[in-house]
Each structure stands twice: as C-alpha cells, then as structure tokens.
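Have a look at the structure below, then the notes.
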Amino acid sequence: MWAVADGMGGHSRGDVAAETVIAHLSALRPPITPSALDEAIQSANLEIYEAHGGRSGTTLVMLSLDDGTATIRWAGDSRAYLIRHGSLRLLTRDHSVVQELVEAGVVDAAHAADHPQANVITRALGTSPHLTLETLSATLMPGDRVLLCSDGLSRTLANDDLQGQFEIDDMADRLLQNALQRNASDNISLVIVERFGGQTC
C-alpha cells in the first residue's frame, strides 16, 4: 500500500490533515482488506473534520496491489499515472472546479492549470463528515510503474520527462528536479511503484 496526501492550501492546518490520514493508513497491519482501508480512511476523515470543523483538509491518492491488480482510491487533485514503455497515462480525474469546467467544454484542458480557480478542490478528506472516494482498478504488467503525486508535480509534468531508461530512484530524482526547475511554488510529493514479475518495489 502506498499513498500521497497533500494538505490543502488556504485551509488551516492542512499539514496536520495530511499527517492524520497517513497515520491512520500506517497503523493498518496485514492482511489489509478493502474494508479495513475504507474504515481507516473514513476514520481519518471524521477525525480531521471534528478537529477543525471542516476548515482543514487534504487530498489523497493511494495504491494497493493484489497479484498484479492495482486498486487506486482518491479524493482531490493528487493524481495517479501509469508509466508503461516510457509513456505516461493519467489514471485518475481531478475532483476540482476546473476539471468540471474542462468536462463541460468551458475550459480548454491545455490551459486548465492557469485558470484562476485551478486550486479549488471539490472533494477532500476533512471538509465534510461524509466522504466518497473514487476508485478504479487496473492490471499491471511486469515493468509497469505507477506514479502517485501531488499537484505540485503534476502541474509541471511532461510526457518526455520519462523518455529513456531510468532506474526507479533516478526517475524519481529526475521528476523532482524538473518540477523544481519549472515551478517550485508548491509542495511536491511523489511515490513510484514498479512491478517486477510477481513482485513490486
């Protein structure tokens, strides 16, 4: 199980909100069932909400693996990408005002990051006592990688960042350095998971 939580800018104690959900997930012990995951996330959501009255929040994107089947759960604009043969494919959809405008055809996707409401999230942990995570499943092939990241990275990400053969640590360093050079104005968090045969790292 891997996760990225990004405290929401403009909300009080977003860093504590992010730490709270990671603490709840870290406390889980194998075997980690889907119901145990959901319970941990809902418990974290309620703890954040009750502590801060809905004025604090965090995004969440997480990956769990079972025999090559990847299950991704998320709320907010932290993202999951599939990296296969050097190509990047977005798996998640942002829970944001701008994403809704893009889907309605009001805003061009190429200019979404520059929209004045680009940072307005429509779903997050801690902003409501009731949380619905979006979920998807995908089959990972040997050599596939999954990138989980905060919007500080995704806003600067380019497909050619992944051209060439990189060890997983080198790829993480490359993505981080590119993001810092292009826009260092926001938090950057990332996790890369690779499937090797029947194993992951």
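The values are calculated or read from the model by the stated rules, or taken from the named source; none is laboratory data. All values reported here derive from a predicted model rather than from experimental measurement. Here the Cβ positions follow ideal geometry from the backbone for every residue, glycine too, while neighbour counts run over all protein chains shown.
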Looking only at the range 51-69, and only at residues there that are surrounded by fewer than 14 Cβ atoms within 10 Å (Cβ to Cβ) and free of Cβ contacts under 8 Å to residues at least 60 places away in the same chain, the one that is nearest to the chain's Cα centre (by Cα)
Asp66
Tell me which of these Gln181 doesn't satisfy, since it passes every other one: (1) within 29 Å of Ala40 (Cα to Cα); (2) outside any strand (DSSP E or B).
(1)
Quick check on this structure: which one of Gly86, Gly143, Gly76 is under 14 Å from the mean Cα position of the chain (by Cα), at positive phi and touching a residue at least 12 places away in the same chain (Cβ under 8 Å)?
Gly76
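Out of the range 31-50, which residues are small (Gly, Ala, Ser) and either buried (at least 20 other Cβ atoms within 10 Å of the Cβ) or touching a Leu at 6+ places or on another chain (Cβ under 7 Å) (or both)?
First, pick out the residues of the range 31-50 that are small (Gly, Ala, Ser): 35-36, 40, 43-44.
If the condition is that a residue be small (Gly, Ala, Ser) and either buried (at least 20 other Cβ atoms within 10 Å of the Cβ) or touching a Leu at 6+ places or on another chain (Cβ under 7 Å) (or both), then Ala36, Ala40, Ala44 are the ones that fit.
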From the list Thr156, Thr139, pick out the single residue that is at pLDDT below 90, of a type in the set (Val, Ile, Thr) and closer than 23 Å to Ser87 by Cβ.
Thr156
